[in-house]
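Worksheet: the structure to be examined is printed underneath.
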Amino acid sequence: MLIFEHATPGRRATAQAPATMADIDLPKRFARKSPTGLPEVSEMQAVRHYTRLSQKNFSIDTHFYPLGSCTMKYNPRACNSLAMLPGMLNRHPHAPLSHSQGFLQMMYELQEMLKEVTGMAGVSLTPMAGAQGEFAGIAMIRAYHDSRGDAERSEILVPDAAHGTNPATAIMCGYKVREIPTDEQGDVDLDALKAAVGPQTAGLMLTNPSTLGVFERNIMEIARIVHEAGGLLYYDGANLNAILGKVRPGDMGFDVIHMNLHKTFSTPHGGGGPGSGAVGVAERLMPYRPIPVVARDGDTYRWLTEDDLPDSMGRLSAFAGNAGVLIRAYIYMRMLGKAGMPRIAEFATLNANYLEKRLVEAGFDAAFPQRRASHEFIITLQKEAKELKVTAMDFAKRLLDFGFHAPTTYFPLLVPECLLIEPTESETKEEIDGFVAAMVAILEEARNEPDTVRSAPHTMPNRRFDEVSAARKPDLRWRPGE
Amino acid sequence: MPFIPHTPEEIEQMLATIGADDIETLFDEIPANIRCQSLDGIPPAASEMEIAREVQAMADRDAGALNFIGAGAYEHHIPAAVWQLTTRGEFYTAYTPYQAEASQGTLQLIYEYQTMMTGLTGMDVSNASLYDGASALGEAILMAVRVHRKSKSRKILVPASLHPNYRKAAETIVKHQGIELVELPIDPQTGRIDPTALEQYSGEDITALAIPQPNFYGVLEEADELTAWAEQNNTLVIGVVNPFALGLLKPPGEWGENGADVVCGDGQPLGAPLSSGGPYYGILCCKQAHVRQMPGRIVGRAVDADGKKGFVLTLQAREQHIRRSKATSNICTNQGLVVTASTIHMALLGPVGLRNAAALSMANTRKLVEKAAAIGIAPRFSGEYFHEVALQLGQPAAGVLERMAANNVLGGYDLGQVNPSMADSILVCATETKTDADIDRFIDTLQAAL
């Protein structure tokens, strides 16, 4: 039932707004005449409705959620409760520096910690999501080439395993996209890369470890090839969790990076955002950082804006990005500390390699069996799809019945019938063993009663949807009188 | 080990299964010469108790002032239930609803949000949100260019009365795609878009006109007349609204003859705390005909294998994970958690609550203006305003605001930051959260600072 279907004309949550309408002198030509259509419900009705809705969600707090490339790790509660202290929530973004030193100190220290863990020369916290960080990064590459009068560079190279945001970002920055194939081992095809680079190359966008769940072993050679052609190297930080404290993008030769603080630094995914896509840059890109950035002058902190960074790639938001997300990331990093950072990568990698090994022993096919898994890995169900007519989608849906959120399905696009599985460091061995048992049970079902798997899920609030009809005749809002 | 549950025995068992001697072996594909040795710039781990003490001290340093700054971020009462429900783990720690059957809570909530936002704006369709109001303006401009294929100029009229940071962010987002943002000046008397300046563009190929309502100076634009001009000129209208004000103001879907084509704005005033500027969320609504050019997630109602209704992400052929380089935008996530809060907030306010809160905000700002008149301070512009107003102080505003802040009153936004000719003016907002005593304190503090 929708909230609108709970409504009764004349009902109100009376404690939440002024009881009567103040006298105002709003001229008629500006005034609203039509209803807003907001629901008329009591406070308890609203609370009960949204509590019940929440119970229809899988989440990290309720379920193992091994969604590859999304790093669904535990979100410590302290990060939330401290970010919601009144002094944090009530600070206006335009508050004067005299009333901002606590917040600015925190942001400055966050910038410094992110520089340290990535090996970059400077950081800007303002991008509001990974995709906006990518945009900022590619726009900085553009600003760099433009400032040198190097205007012929028109192409961004993107491996075929990349996230869809990579090519979409390059287009938004006015570049053409050229795809680079992956070799059989899961590394970038070096010969294809050598053939693709040239005076038209503005840069290469690379995720490392890649979305195939393996570390790009030839990274130093790739950096050399791109740099010798005059291009810059962009690091998509989607998989930073895998290498935190083990190897730094700055030391791999990357010129510009974005980090997904909602992945590596455990801020909540919130049903799809808010994220944070802070960017880091090498020395030569410092002038182009998106504004604002926090600076320290002696004991006081201040914003760097247009006046300080006149060559900035620009502003990306009305204020300074998703501050509340940044506060949570800061608290998480402080609680991990120096020793805790590399442990994240170590145990994320241990869990992934253990889970991959167990699934292979149980008869599943790894996409890259000869490689180490990073913090995630790919199982391909090509054999099951062919022999048993049970697909990756069927496995994903059946996992829901077993109480596990499905891994990422059908991404990356170059591995058929794939499940991209990322257990993260915060899961216990028992939980991972339980997931293996579920996969084994589903494989058994696929052999003996395949229709049970093909028609899953059976225990969710809904069965599988007719998404084709939904897209053909979109129903995007409720209408009164339905 | 913070947030890592493994016991030494389990580590041994897991390594034995893998066939590795130690955890370090698992990293043997990374070239040794680039391995990181030590992160000396990171402080040692703090316990929850230790970090709580530090963060509390930082929060306390910034707290305690009485705030009259608006300028795009507005202080409103947020019902206690809003964030208590929003931070339930089932909302807080879920992700984008890729598995619809296990995400009906988030999906239904977004469908309800889309319904509420189309109702408020009077538009046909809403997406599931963008990042914030400023970046939503950038996306709205890109969308208008895609929609209006007959217009070849790719020129967008962006008034000087629009939030300066919105204009800057929009410029950042659209500038690589051959789009020109043309500044439309304001009438220095009224504080509105100068109608004679607009008239100069009649007959010219202009792709879209952005209309802020209320505008950055708090003044109400003549949205009907501006929309009528656009309709005559075959120019699309992008409405940039404060959704809180729509409890009282004519919705953009009803401007002019046919309404705005695309509407954007910041959802912050509906349930998001000030929080140093974010996370907020961007509103994006449009006419039905434009829906396939819309960026971002959209939720639709669908039917399942049993014929039962439910909700799914839909029209995904627009998006980057399907279309890659041909997508409408690179946007991936929305601002799900803030939209969750905002939807609950709108349900708790209801139509009467939203209207009354908006009316009280407007009345409070009038009260402040009347009391300012008694100490010789008048509004800078003659145009009618909603809940925010520019006051002319007759001396540099920066110094006045600094002296007020020293008395823990944040007296407003220094308009000299936008335009040096307004360095003697401040932008002030008194929402429903301000009592008569608060307004008196503002006036007393202002008088002392003059």
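The Rg/Rh ratio for the stretch B:80-343, using Cα coordinates for both the radius of gyration and the Kirkwood hydrodynamic radius, is 0.98. Please name whichever of A:Ile331, A:Gly119, A:Ile156 sits farthest to the positive end of the charge dipole of the stretch A:78-336, dipole taken about the Cα centre and charges placed at Cβ: Lys and Arg +1, Asp and Glu -1. Comparing the listed Cα positions along the dipole, A:Ile331 ranks first. A 26 angstrom limit on the alpha carbon distance is what I want to check against. Which of A:Lys263/B:Lys168; A:Lys176/B:Lys152; A:Lys194/A:Lys357; A:Lys33/B:Lys150 exceed it? Where the Cα-Cα span goes over 26 Å, the pairs concerned are A:Lys263/B:Lys168; A:Lys194/A:Lys357; A:Lys33/B:Lys150.
Once the mean of 1/r is taken over each pair of separate Cα atoms and inverted, the stretch A:342-468 shows a Kirkwood hydrodynamic radius of 14.9 Å. Ordered by 1.4 Å accessible area with all protein chains kept, A:Trp303, A:Trp478, B:Trp255 run largest first as A:Trp303, A:Trp478, B:Trp255.
Given a cut-off of 19 Å, name the pairs among A:Lys338/A:Lys429; A:Lys56/B:Lys309; B:Lys155/B:Lys287; A:Lys56/B:Lys308; A:Lys397/B:Lys308 whose C-alpha atoms lie farther apart than that in the structure shown. Over 19 Å apart, Cα to Cα: A:Lys338/A:Lys429; B:Lys155/B:Lys287. The percentage of C-alpha pairs in chain B whose separation is greater than 32 Å is 48%. The alpha carbons of chain A occupy a box of 74, 67, 45 Å along the principal axes, longest dimension given first. Distance distribution P(r), the stretch A:78-336, all Cα-Cα pairs, bin width 10 angstrom from 0: 7, 32, 35, 19, 6, 1 percent. Compactness ratio for the stretch B:329-433: Cα radius of gyration over 2.2 N^0.38 Å (N = residue count) comes to 1.36. Given a Förster distance of 51 angstrom, what is the FRET efficiency for B:Val291 paired with B:Ser38, based on the Cβ-Cβ distance and rounded to 0.05? Working from the Cβ atoms, E equals 0.45. Across chain B, the mean sequence separation of Cα contacts (distance under 8 Å, 6 or more residues apart), normalised by length, yields a relative contact order of 20 percent. Under a Gaussian network description of chain B, with springs only between Cα atoms under 10 Å, the residue in B:Tyr92, B:Tyr281, B:Tyr385 that fluctuates furthest is B:Tyr92. Spacing of the modelled spin labels on B:Ala437 and B:Gln13, each 7 Å from Cα toward Cβ, amounts to 6.2 nm.
Other residues with beta-carbon under 15 Å from the beta-carbon of B:Ser126 carry, at +1 per Lys or Arg and -1 per Asp or Glu, a net charge of +1. Each helix, a run of at least 4 DSSP H residues, gives -39500 (n - 2.57); summed and divided by the residues of chain B, these come to -11500 deg cm²/dmol at 222 nm. What the Cβ-Cβ distance of A:Asp297 and A:Lys386 gives, at R0 = 51 Å and to the nearest 0.05, is a FRET efficiency of 0.20. Ordered by solvent-accessible area of protein heavy atoms (1.4 Å probe), largest first, the residues B:Cys285, B:Cys332 come out as B:Cys332, B:Cys285.
Using the beta-carbon distance between B:Asp22 and A:Gln200 and R0 = 51 Å, what value does 1/(1 + (r/R0)^6) give for FRET efficiency, to the nearest 0.05? Once rounded, the FRET efficiency stands at 0.65.
The length gained on full extension between A:Leu413 and A:Leu190, counted as 0.36 nm times the residue separation minus their Cα-Cα distance, comes to 78.3 nm. Label sites at A:Thr428 and A:Met21, each approximated as a point 7 angstrom past Cα along Cα to Cβ, lie 5.8 nm apart.
Cross-link partners among lysines for B:Lys434, C-alpha distance below 24 Å, same-chain residues fewer than 8 apart left out? Cα-Cα hits under 24 Å: B:Lys367, B:Lys371. Taking amide H positions as modeled 1.01 Å from N, with prolines and chain starts lacking one, the residues under 5 Å from A:Leu244 and 5 or more places away or on another chain are A:Ala345. Placing pseudo-labels 7 Å out from each Cα toward the beta carbon at A:Gln101 and B:Ser47 gives an inter-label distance of 2.9 nm.
Between A:Ser81 and A:Arg472, full extension at 0.36 nm per residue minus the direct alpha carbon distance yields a gain of 136.4 nm. Spherically averaged projected area of the convex hull of Cα atoms, the protein assembly as shown: 35.5 nm².
The values are calculated or read from the model by the stated rules, or taken from the named source; none is laboratory data. Predicted model only: the values in this text are computed from it and were never measured. Note: ideal-geometry Cβ built from the backbone for every residue, glycine included; neighbour counts use all protein chains shown. Heavy atoms of the whole protein, side chains included, go into the accessibility calculation; ligands, DNA and RNA do not. Shrake-Rupley method; radii C 1.70, N 1.55, O 1.52, S 1.80 Å.
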